[in-house]
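Only the coordinates and a few stated rules stand behind these numbers; no lab work does. Owing to the predicted nature of the structure, the values given are computational and were not obtained by experimental measurement. All Cβ positions, glycine included, derive from the backbone under ideal geometry; neighbour counts span all protein chains shown.
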Amino acid sequence: MKLYHYTKFDTFIYDILPKMQLKFFPFSSSNDPFEFSFPCTIDFNQFVVANYNEILNEFERQLLKYKMICFCKDGPNFKGYKLPTMWAHYAEKHSGICIEINLKKLNFQCFKKGTVIKRSVHYNNNKNAKRITFQSLETNSNVLVNELVLKGVLNSIREYESSFLFYKLSDWKTENEYRIVYKKEGNEDIFLDIKDAISRVYIGVRESKKMHKSVKLEILEHLIEEKNKHRKQKIEIFTMDNLMENGRPKYFSCNSEDTKFLREINNKIEEKRRNN
């Protein structure tokens, strides 16, 4: 299955392309503030009443451990790289980049088994709440209350995993999102290796029109050419500027002789690599 990740042009050149990896971001960075607020109710019993605040706090602590990378996918009547709202919201109003990725070729070997979840997002405005119950967790003098709370919260998240992690309101349905979620303790940055999975790079209409007056595309082509030296499947570069003329991306090439700016960009990239 093909996936598409929209991003800024400079983010792709400086952060994604040099190491061929995508960064996992916390759910709190989402542009949708209701990511975790799917309809749910907690059945009240003696245990819940006595520990209600602890239960809510534990839900928050556990959900903050999840990070995600968001993609979109092809639909029955459209391609994932042709979505106008995605270009507008995530790729600098058609001045950015859309990366095409082969899901089967993504490298998950560095992640522990069971820590990565891959799934399509489901969209629903249904107000029927999911019922979360702690009925089986009665207070036991031999078990600490916080252990019971943790067990109940983890069981609930596991049972309603799709609703917690892969749920969005129907207003977002046009994004046709596919999400890769990773659960990790700590605050260190986590990255996904896309070295063998990236197949194409699409350039937005506004940026591709500026290519005729700048050397940005030459920079991009130079960097991808270096990556292609070590790849069996070459990364292709396409532009979206004539998409409406023939219904598909047009291959674009630039032969600018201005190498000063190119050297400056390469020096900045090398400096950033050393600092990392």
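Here are the numbers for this structure:
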item: Exposure proxy ranking, count of Cβ atoms within 10 Å, fewest first, for M240, M1; result: M1, M240
item: Dipole-positive endmost among N31, C98, I157 within region 2-198 (Cβ charges, Cα centre); result: C98
item: Sequence of C110, C70, C98 once ranked by neighbouring C-beta atoms within 10 Å, starting from the fewest; result: C110, C70, C98
item: Sorted by Cβ neighbour density within 10 Å, fewest at the top, the residues H94, H222, H5, H230; result: H230, H222, H94, H5
item: Extension gain, D196 back to K184 (0.36 nm per residue minus Cα-Cα distance, nm); result: 1.9 nm
